[in-house]
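Structure, as structure tokens:
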Amino acid sequence: MKKLLTLITLFILVQNATAQKNALRLIADSINAEGETLYRSEWASGHGTQIFTSSFGGKKRLSGGYFSYETKREMTTIFFSKNNDPVVLATVKFDHSFDSSKYSIDTTTRKFTEIEKDLYAIRLKAAQAVSNDTLFKFYQNTSLNLVPVIKNGAKKVYVITAQTTPDEVLLGNDYLINFDKDNDIIKKTKLHNNLIPLGTGGKEAIKASSHQHLGETSPFITATDICAFKLWKAKTTWVISFIVSAGYVSAWHFRNEFLEILTQTEWEKIMKNK
């Protein structure tokens with residue numbers, strides 16, 4: 001009887017461990033997908049801005065901002081006017097190859113499409129919140145990028161601190177603003193407690209980077225972390241980056257862009273056996 005109870009206990013422990021691993025895999029996949037969405041938007045915005053600025057500098061002075069969005073066919077960045085009833089000044093489109101040399105640009109002034117109206121509306125309200133709410137912090141020599149996303153019916157704007165120097169990656173000082181179907185703000189969340197500059201590695205290559213998530217910060221890596229890692233992957237010497245919280249360790253592998261999330265207990269066992 002004692003042996004049977006031991007076997008039952010071991011079976012339950014194995015089942016629980018498997019369930020926890022599966023749950024963490026689902027969390028990792030969800031965060032990874034959101035990070036990919038953010039990266040694609042920021043990639044299109046960055047290259048779209050370079051193209052627009054280099055080719056149509058005069059028209060850029062009329063621009064009140066930009067945003068990007070993706071369809072099944074392409075990634076699009078639009079630049080809109082400054083006035084109270086804005087119109088689209090230019091449209092830059094990329095295919096899904098992520099080849100910045102393959103693009104089209106149309107500088108015909110036009111009205112917003114329906115999806116662009118919604119993206120502009122939540123971006124505008126996010127900009128107003130950033131200007132008026134003390135939740136949002138500003139650091140010297142940085143700016144805040146507004147990244148509107150509408151996906152599977154959910155409307156949100158990420159607020160990300162923009163990169164300023166080529167020898168560091170900026171993480172943190174980022175926020176998520178959620179909206180209802182009528183484009184009204186329903187929630188504002190601070191994703192990291194502070195700004196985290198990490199060196200990219202120079203003459204002395206840095207193979208790993210790490211930072212902590214403490215307090216109210218998510219116990220897992222954030223979509224904004226993944227976005228930054230993917231954007232600046234080619235500029236760093238990193239092989240892996242660790243995000244450590246009280247209960248978990250998230251590991252982002254740069255070579256195959258793979259995310260794994262481990263419990264602290266699993267992590268300690270791995271380190272002990274090394």
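The values are calculated or read from the model by the stated rules, or taken from the named source; none is laboratory data. This structure is a prediction, so every number in the text was calculated from the model and none was measured. So basically every Cβ, Gly included, is an ideal-geometry build from the backbone, and we count neighbours across all protein chains shown.
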query = Quick check, is E257 at pLDDT 90 or above, surrounded by fewer than 17 Cβ atoms within 10 Å (Cβ to Cβ) and among the charged types (D, E, K, R)?
reply = yes
task = Determine which member of the set I122, I105, I51, I115 is among the aliphatic types (A, V, I, L, M) and in contact with a Pro (Cβ under 6 Å, 6 or more places away or on another chain).
result = I122
query = Under the condition of being of a type in the set (A, V, I, L, M, F, W, C) and under 20 Å from the mean Cα position of the chain (by Cα), which residue from the range 37-75 is surrounded by the fewest Cβ atoms within 10 Å (Cβ to Cβ)?
reply = W43
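Does L124 meet the test of being over 23 Å from L231 (Cα atoms) and of a type in the set (A, V, I, L, M, F, W, C)?
yes
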inquiry  = Take the residues in the range 95-127 that are of a type outside the set (K, R), surrounded by fewer than 17 Cβ atoms within 10 Å (Cβ to Cβ) and not in a loop (DSSP other than H, G, I, E, B); name whichever of them is farthest from the chain's Cα centre (by Cα).
reply    = D106
remark   = Exception for D29 within (1) charged (D, E, K, R); (2) under 18 Å from the mean Cα position of the chain (by Cα); (3) surrounded by 14 or more Cβ atoms within 10 Å (Cβ to Cβ); (4) over 21 Å from A162 (Cβ atoms) falls at (3)
message = Just to be sure before I move on: is W267 in contact with a helix residue (DSSP H, G or I) (Cβ under 7 Å, 6 or more places away or on another chain), among the aromatic types (F, W, Y) and free of Cβ contacts under 8 Å to residues at least 40 places away in the same chain in the structure I sent?
response = no
request  = Write out, first by first residue and then by second, each pair whose Cβ atoms fall under 9 Å of each other, whose residues are 6+ apart or on separate chains, and whose first residue, in the range 144-165, is under 17 Å from K181 (Cα atoms) and of a type in the set (S, T, N, Q) while the second is surrounded by fewer than 18 Cβ atoms within 10 Å (Cβ to Cβ) and modelled with pLDDT of 90 or more.
outcome  = none
remark   = Of the residues in the range 222-256 that are of a type in the set (D, E, K, R) and without any contact (Cβ under 8 Å) to a residue 60 or more places away in the chain, the one that is nearest to Y175 (Cα to Cα) is K233
query = Picking from T217, T236, which residue would you name as being under 25 Å from V130 (Cβ atoms), of a type in the set (S, T, N, Q) and crowded, with 17+ Cβ neighbours inside 10 Å?
reply = T217
ask   = Do we find a residue being loosely packed, with under 11 Cβ neighbours inside 10 Å, out of contact with any Asp or Glu (no Cβ under 7 Å at 6 or more places or on another chain) and free of Cβ contacts under 8 Å to residues at least 12 places away in the same chain anywhere in the range 171-184?
value = yes
task = Check K111, K21, K59 and return the single one that is among the basic types (K, R) and modelled with pLDDT of 95 or more.
result = K111
